[in-house]
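A.B. asks: Below you will find the structure I want to go over with you.
The values are calculated or read from the model by the stated rules, or taken from the named source; none is laboratory data. All figures in this text were calculated on a predicted structure; none of them were measured in a lab. Cβ placement follows ideal geometry from the backbone for every residue including glycine, while neighbour counts extend to all protein chains displayed. With ligands, DNA and RNA removed, areas are computed over all heavy atoms of the protein, side chains included. Shrake-Rupley method; radii C 1.70, N 1.55, O 1.52, S 1.80 Å.
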Amino acid sequence: AVANIPTLVFYNQQARPAQLSSAKQLFIVYARHRFNLGHFFADNQATYTAGGDGEGLRIPAVVGESRLYYQGYVFKKALLGQAGVQGYFQSRWRAYGYSPSTQQFFVQDNFTIRNLPVVDVFLSGDIKTVGIFLKMAYVNQFLPQRGYFATPYYPALPRRFQFGLRWQFFN
């Protein structure tokens with residue numbers, strides 16, 4: 001895809017509104033591959049963006065996500081379950097800075113976010129109209145480094161256990 005942004009308005013390095021005088025053009029390549037072998041499934045996707053690291057705009061060049069899981073029925077087909085691992089990766093990039101006083105993200109040139117993969121392990125199940133999930137997020141914390149940043153000087157969430165319940169009230 002080619003994206004043409006004719007009048008980009010952004011917050012500059014001084015966290016003040018600015019507008020580019022010329023158009024910004026992005027070239028985006030996206031690929032997705034899904035396959036299964038019996039009850040084992042893989043869902044992989046990757047995006048490459050050229051032109052996303054310049055004046056006024058910050059986008060990582062490469063972003064990838066992969067999910068490998070086992071899916072099947074248990075308890076006489078009463079519960080559809082999934083157990084697996086998912087990962088996320090983005091290339092090094094100069095992320096937007098954040099100003100708490102104005103609650104705005106702005107372009108900055110001093111901090112580069114590392115290219116660190118994030119891996120989660122999950123277990124989920126559906127029983128008719130009820131869905132549950134258990135997830136250990138960021139299991140690879142400390143491997144190879146202690147953590148990562150979501151935006152400059154604001155660390156992302158550390159390893160954590162998450163759970164959820166979705167109940168749809170209809171038959």
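A.B. asks: With (1) within 30 Å of residue 154 (Cα to Cα); (2) at pLDDT below 95; (3) among the charged types (D, E, K, R) as the list, and residue 65 as the residue in question, which single condition is left unmet?
C.D. replies: Here residue 65 clears every test but (2).
A.B. asks: Hey, could you check region 129-171 for residues that are open to solvent by 70 Å² or more (accessible area, probe 1.4 Å) and of a type in the set (Ser, Thr, Tyr) and say which is nearest to residue 111 (Cα to Cα)?
C.D. replies: 153
A.B. asks: Now for a different question. Considering only residues of region 111-128 that are farther than 30 Å from residue 17 by Cβ and assigned to a loop (DSSP other than H, G, I, E, B), which is least open to solvent (accessible area, probe 1.4 Å)?
C.D. replies: Only one residue fits best here, namely 116.
A.B. asks: Hey, does region 125-139 have a residue that's among the aromatic types (Phe, Trp, Tyr), over 15 Å from the mean Cα position of the chain (by Cα) and more than 24 Å from residue 84 (Cβ to Cβ)?
C.D. replies: Checking region 125-139: not a single residue is among the aromatic types (Phe, Trp, Tyr), over 15 Å from the mean Cα position of the chain (by Cα) and more than 24 Å from residue 84 (Cβ to Cβ).
A.B. asks: For region 91-110, which positions are open to solvent by less than 30 Å² (accessible area, probe 1.4 Å) and outside any strand (DSSP E or B)?
C.D. replies: Residues satisfying the conditions are 91, 95, 107, 108.
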